[in-house]
């Protein structure tokens with residue numbers, strides 16, 4: 001029953017282990033991806049490889065939907081997505097405070113996955129940069 005589900009607020013999302021981040025294609029079609037997330041004041045932080053499709057979509061359209069999910073992106077039935085506005089800040093090296101918030105939350109798991117990811121991209125000749133994305137709650141009535 002929907003009324004029995006705990007109500008999630010924007011701020012609660014920062015405590016979730018994984019969040020489904022939906023970004024939007026030019027066609028308006030949503031693309032959901034499970035991501036790590038951390039809180040930073042009134043904002044939420046996400047890290048993603050610089051070459052990911054979500055970066056391209058976010059640079060064109062900062063609207064996002066967020067919902068707590070499992071490691072592989074399964075959102076609980078009846079969960080209500082929260083609207084946000086995302087901004088690609090820059091590389092994790094350029095934003096050490098934001099990167100540290102994610103490192104603190106995910107510990108060795110974060111360090112291990114990021115290291116393996118970087119190694120794989122370097123072997124393929126790609127960039128090993130990760131970007132920091134800052135997400136603010138959408139203004140009421142801002143759905144577009």
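The figures follow:
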read-out: Among the candidates 99, 51, 33, residue that is touching a residue at least 12 places away in the same chain (Cβ under 8 Å), touching a helix residue (DSSP H, G or I) at 6+ places or on another chain (Cβ under 8 Å) and either within 12 Å of residue 132 (Cβ to Cβ) or in a loop (DSSP other than H, G, I, E, B) (or both); value: 51
read-out: All positions within the range 112-133 that are part of a helix (DSSP H, G or I) and either more than 20 Å from residue 21 (Cα to Cα) or at pLDDT 80 or above (or both); value: 112, 113, 115, 116, 118, 119, 120, 121, 122, 123
read-out: For residue 112: the one exception among (1) within 20 Å of residue 130 (Cβ to Cβ); (2) touching a strand residue (DSSP E or B) at 6+ places or on another chain (Cβ under 9 Å); value: (2)
read-out: Candidates 109, 94 - the one that is in a helix (DSSP H, G or I) and either at pLDDT below 85 or more than 17 Å from residue 58 (Cα to Cα) (or both); value: 109
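The values are calculated or read from the model by the stated rules, or taken from the named source; none is laboratory data. Here the structure is a predicted model, which is why all the values come from computation and not from measurement. Reconstructed Cβ throughout: ideal geometry from the backbone, glycine too, with neighbour counts over all protein chains shown.
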